[in-house]
Amino acid sequence: MHMISREHEWIWDSWYVVEDETLHAFYLMAPKSLGNPDLRHINARVGHSISHDGYSWIHLPEALGPTLGESFDNQAIWTGSIVKHNNNWHMFYTGINTSTKERQQALGHAVSDDLTTWKRVSDSPILSAAAPYALLGNDRDGAEHFRDPWVFFHDDFWHMLITASDEDGWGTVAHATSPDLETWQLKEPLIADSQFRQCEVTETIQIDGEWFLFFCMGPRDVERPGIAQGFGTYCVPAAGPLGPFDLDRTTLVADEIYAARVVEFKGEWLLLGFGDTGNPGGFTGVICDPIKLERSSEGLIHRIG
C-alpha cells in the first residue's frame, strides 16, 4: 500500500529508524471506531510498519500501549524517538495519565533487541517538566507541555530535545543530557523569546554538512514578524545540533503536512508526516508518501519537484 494507512486506525505523529536497508516507521494510532478524530489524542498507542522502498508498507504488531494500573502513561502514549546503543534499541516517548490527560505530559523509556517487542524501563517517568519550563497551570493554556523527545549522541553525551513552553509562555526547545541513556539532567532551553506559541515535534538534522532544526506549528502559533503562517512543518538553519538557531530564517517546508520527520534512506533525504489542513475535517489520518528534500544554494531546505 502507498502512504502509511490502516483500515481501522487513524495515524498521525511518526518517527523512523533505518536498519538493514529497511525503513521502520513508528507512529501514533487510535481506532476509527471512536467516531470523532479529536478523541484520538487520549487513546493513542504506538504502531509499527516497515518498508523496503519508502512507499510500500507492511504492518507489524503494535509496539507500545498505555500501562495498566497507576502510572504516568496509563492513558495514552504520545510521540517519541528511537536510538541504538550497545546492540539494544531505546525508545523515548511521551506519556499521559488518566488523571490530567492532555494537560500534563512526562517522558518514558522502553527497550528492545529487535524493534518489535518493547519493555518499559520503569513505571515512573524518566523526566518531567521543571523550572525554567512552564508547569501545570502556569502556561497560557494551563497545560504542562513536555513531550516529543528527540534523542541523539553528540560530544560524548546523549542529548534530548523536548517540546516545551518557557516561563513567558513562548514555545521553546527544552534540553536534557545523559551519559548513559538512564539518568537525565534538565538544562536551560535552547531557544528564548521565540515568538512562536509552540514548536512541536522538534529534531535537528545535518544535511549536506549543514544543521537544521525541524518542527511544526499552526498559523495561530506564529507571532514572529516575517514568518509564513501555515499549518505544517518548518525548518530553521542552525549552527549545530544544539543551535544557535536563526529563527528569522524560519521557513515553511511542508504546508498541510504536520509533525513530519526527516530521515536519510537509500541516499535520499525524505520528509514524512501526516496530512492535515488544520481546519475542521482536514485531518486525514494517514502519513504521506515521502517528500524528497535538498539544501538550496541559499542554505535553506526545500522540496524537490
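The values are calculated or read from the model by the stated rules, or taken from the named source; none is laboratory data. The structure presented is a predicted model; accordingly, all values stated were derived computationally and were not measured. Heads up, the Cβs are rebuilt from the backbone with ideal geometry, glycines too, and the neighbour counts pull from every protein chain shown. Remember, those area values only see protein heavy atoms, side chains included, never the ligands or the DNA or RNA. Shrake-Rupley method; radii C 1.70, N 1.55, O 1.52, S 1.80 Å.
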(request) Please report, in debye to the nearest 20, how large the charge dipole of the chain is about its Cα centre when each Lys and Arg carries +1 at its beta carbon and each Asp and Glu carries -1 there. (result) 600 debye
(request) Using Cα centres only, tell me the gap between region 3-25 and region 122-160 in whole Å. (result) 25 Å
(request) Would you list, by chain and number, the aspartates and glutamates whose Cα falls below 19 Å from the Cα of K266, excluding same-chain residues fewer than 8 positions away? (result) E19, D20, E21, D53, D208, D289, E294
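Order R224, R295, most accessible first, counting only protein heavy atoms with a 1.4 angstrom probe.
R295, R224
Sort 252-259, 28-35 by the packing proxy (mean of other Cβ within 10 Å over each peptide's residues), most packed first.
Going from most to least packed, we get 252-259, 28-35.
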(request) Taking H placed 1.01 Å from N in the peptide plane, check which residues at least 5 places from V173 or on another chain put their amide H under 5 Å from its amide H. (result) L190, I191
(request) Give, as a single signed number, the net charge of other residues whose beta carbon lies under 9 Å from the beta carbon of I207, with Lys and Arg counted +1 and Asp and Glu -1. (result) -3
(message) For the pair S297/D168, report the inter-label distance in nm, with labels modelled 7 Å from Cα in the Cβ direction.
(response) 3.8 nm
(request) Report ³J(HN,Hα) in whole Hz for each residue of region 86-99, in order, from the Karplus equation J = 6.51 cos²θ - 1.76 cosθ + 1.60 where θ = phi - 60°; Gly and Pro get x. (result) 6, 6, 10, 9, 10, 9, 10, 9, 9, x, 10, 10, 6, 7
(message) Spelling out what I want: for every residue of region 123-130, take phi, set θ = phi - 60°, compute 6.51 cos²θ - 1.76 cosθ + 1.60 (Karplus), and round to whole Hz; glycine and proline get x.
(response) 7, 9, x, 7, 7, 10, 5, 7
(message) Stokes-Einstein diffusion coefficient for region 162-257 at 10 °C in a medium of 1.306 mPa s, Rh from the Kirkwood formula over Cα pairs: what value in µm²/s?
(response) 116 µm²/s
(message) Give me the one-decimal nm value for the distance between modelled label points at S122 and S33, 7 Å along each residue's Cα-to-Cβ direction.
(response) 3.5 nm
(request) Give the Rg/Rh ratio for region 51-117, taking Rg as the radius of gyration of the Cα atoms and Rh as the Kirkwood radius, to two decimals. (result) 1.04
(request) Arrange the residues S56, S297 by how much accessible surface each exposes, largest first, with a 1.4 angstrom probe. (result) S297, S56
(message) Relative to 2.2 N^0.38 Å, what does the C-alpha radius of gyration of region 107-178 come to as a ratio? Two decimals please.
(response) 1.26
(message) Report the Rg/Rh value for region 1-120, based on alpha-carbon coordinates and the Kirkwood definition of Rh.
(response) 0.97
(request) Would you work out which of H59, W89, T79 lies farthest towards the positive end of the dipole of region 26-126, given +1 charges on the beta-carbon of Lys and Arg and -1 on that of Asp and Glu, about the Cα centre? (result) T79
(request) Rank these residues by their accessible area, most exposed first, probe 1.4 Å: V18, V236. (result) V18, V236
(request) Largest first and to the nearest Å, give the Cα extent of region 221-281 along each principal axis. (result) 37, 34, 14
(message) Before I look further, what does region 155-305 give for accessible area per residue, probe 1.4 Å, in whole square angstrom?
(response) 41 Å²
(message) Once you place label points 7 Å from the Cα toward the Cβ at K187 and N279, how far apart are they in nm?
(response) 4.2 nm
(message) Rounded to whole Å, give me the distance from the Cα center of region 229-282 to that of region 41-108.
(response) 21 Å
